[in-house]
Amino acid sequence: MPSPRLRHEAIFLLVFALDLINMFIATVAYPALAAELHADVGTLAWVGTAYMLGLSVVIPLAPWLAARCGERRLLLVALLVFAAAAVLAGAAPGIGWLLGWRLLQGLAGGLLIPVAQAAAYRQCGPDQRGALTRRILLVALLVPALAPALGGLLVQWLSWRGVLWASLPMAMLAISLVLAWMPANGARSTPPLQAYALSTAMTALGALLLALTWLGEPGHRGAGAVLLVVAGVLAMLHLRHARRQARPLLRWSLLSHRGLRLAMLVYLAVPGVFIGSQLVSTLQLHQAGYSAARIGALMLPWALASAVAITASRRLLVNVGPVTVLRIGMLLQASGLMAMALLPQPTFALAGLLFALMGAGGSLCSSTAQTLAFHGVEGDALGDASALWNLNRQLSFCLGTAAIALLLALAMQWLPTRATGVALGLAAVLTLLPLTLLRRSQPLFLPQPENA
């Protein structure tokens, strides 16, 4: 029987893999899904955005619900809802039903990761967290590489519906492991649920995402601009309320931790933008004659380059520091995106090389950000830091998808023949935005070699 630490780690890594599968596997099915359900580009973006919106809005509730219900019970309920929503999404008769079930699946998935991650890190001593971080990065490497390749094959062998059912076996395995390995812990004393804080946070996020979508549609731009202002006002009201609370819904004071703050900004600009650019690159490669299986297979060179980057990042962090590593990573990903923008019909070998550049750059940034986020965070602050980190991680993917879809929609109106190239070029620019912030962030720290 594995030790309690390894049992909790296994459960967390499995639910983390579930989340990644649902973010990466559906992209290759977009052309087939659009053809069968008659969805345009803006609606296609919501297949991913609806899932990530659900993930994002429910994360602030996760620490409170875990204390109220117990971690084991909450994980079991969330996994059951997640699996049921996957079945219903794959059987959806229309695009509206599909988006609704994806939103429900995201709401369930958003409870899984922060609760399981806090439990896993709680079992680790300071000298064991480096090994857990490397295992997290290994999952973050393998799943995005294998999921699109599997999704492409499922589209060809079955249909886009099989893609949405692909996570069911892992969900069933996760339920079995939680039942067998996780101790039954009772509810703990909790403060009253902060309904005002929760409602302002959730409404602000929903308004922001809807605003980004509507700004790309000629008939809704005025409403999109209004919603953007509404989102900003609600965010300010939420933060003002949080400053007055002894124990706020989200512990924003942890953003005074320089590593966590910088890690969150980097995640917005690099992995978030890459996820958003996947919609554009899939459409561009489909227009160039690539099959779903070949588009999915391009994540394999991405994964190989990511593995090299993750291995190198450990030594680079010690030798040159996190700021230099982040700069290198941003430049590599931006180079890959810009080359994709300038070469709308690359050969398969060249496309693989460009995906490798993006994989190396993105993984240098994400591995460094993961190290920075929890460096020096201890004790009870881990649960709150985990909630903030995972909220930002999901928000990064959500905003990245919405923002790049907006750029694509605008480009299709102004430069329809070069729309995907323009959107990918602007994605490269967004990747480089944190470079100006890094000048003010050095030095952070030089990590010492960690025990495996």
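Return a yes/no flag: does the range 69-82 have any residue that is surrounded by fewer than 20 Cβ atoms within 10 Å (Cβ to Cβ) and within 22 Å of Arg161 (Cα to Cα). Scanning the range 69-82, I find at least one residue that is surrounded by fewer than 20 Cβ atoms within 10 Å (Cβ to Cβ) and within 22 Å of Arg161 (Cα to Cα), so the answer is yes.
Condition check ((1) touching a strand residue (DSSP E or B) at 6+ places or on another chain (Cβ under 6 Å); (2) closer than 18 Å to Gln287 by Cα; (3) assigned by TED's automatic domain parsing to the domain that holds Ala67; (4) crowded, with 22+ Cβ neighbours inside 10 Å) across all residues:
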site	(1), (2), (3), (4)
Asp384	no, no, yes, no
Arg393	no, no, yes, yes
Ser396	no, no, yes, yes
Ala402	no, no, yes, yes
Leu408	no, yes, yes, yes
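Contact annotation: residue pairs with Cβ atoms under 9 Å, 6 or more positions apart or on different chains, pairing a residue in the range 167-178 that is closer than 16 Å to Val143 by Cα with a partner that is β-branched (Val, Ile, Thr) and surrounded by fewer than 16 Cβ atoms within 10 Å (Cβ to Cβ), are Leu168/Val87. Among the residues of the range 136-158, is any surrounded by 23 or more Cβ atoms within 10 Å (Cβ to Cβ), in the same structural domain as His286 (by TED's automatic domain parsing), of a type in the set (S, T, N, Q) and under 22 Å from Thr27 (Cβ atoms)? For the range 136-158, residues surrounded by 23 or more Cβ atoms within 10 Å (Cβ to Cβ), in the same structural domain as His286 (by TED's automatic domain parsing), of a type in the set (S, T, N, Q) and under 22 Å from Thr27 (Cβ atoms): absent.
When restricted to residues that are surrounded by 19 or more Cβ atoms within 10 Å (Cβ to Cβ) and either modelled with pLDDT of 80 or more or of a type in the set (S, T, N, Q) (or both), the range 192-223 contains 9. With respect to Thr368, determine if the residue is under 30 Å from Arg251 (Cβ atoms) and either within 20 Å of the chain's Cα centre (by Cα) or at pLDDT 90 or above (or both). It is true that Thr368 is under 30 Å from Arg251 (Cβ atoms) and either within 20 Å of the chain's Cα centre (by Cα) or at pLDDT 90 or above (or both).
Within the set Leu326, Leu337, the sole residue that is out of contact with any Gly (no Cβ under 9 Å at 6 or more places or on another chain) and surrounded by 24 or more Cβ atoms within 10 Å (Cβ to Cβ) turns out to be Leu326.
Filtered by the rule that a residue be among the hydrophobic types (A, V, I, L, M, F, W, C) and in contact (Cβ under 8 Å) with a residue 12 or more places away in the chain, the range 234-250 gives Leu234, Ala235, Leu237, Leu239, Ala242, Leu249, Leu250.
Rundown of residues vs (1) buried (at least 24 other Cβ atoms within 10 Å of the Cβ); (2) assigned by TED's automatic domain parsing to the domain that holds Val143; (3) under 15 Å from Asn390 (Cα atoms); (4) polar (S, T, N, Q), yes/no style:
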| position | (1), (2), (3), (4) |
| --- | --- |
| Leu260 | no, yes, yes, no |
| Val266 | yes, yes, yes, no |
| Val273 | yes, yes, no, no |
| Ser277 | yes, yes, no, yes |
| Leu283 | no, yes, no, no |
| Tyr290 | no, yes, no, no |
| Arg294 | no, yes, no, no |
| Trp302 | yes, yes, no, no |
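The values are calculated or read from the model by the stated rules, or taken from the named source; none is laboratory data. Nothing here was measured: the structure is a model prediction, and the numbers come from that model. Every residue, glycine among them, receives a Cβ derived from its backbone with ideal geometry; neighbour counts consider all protein chains shown.
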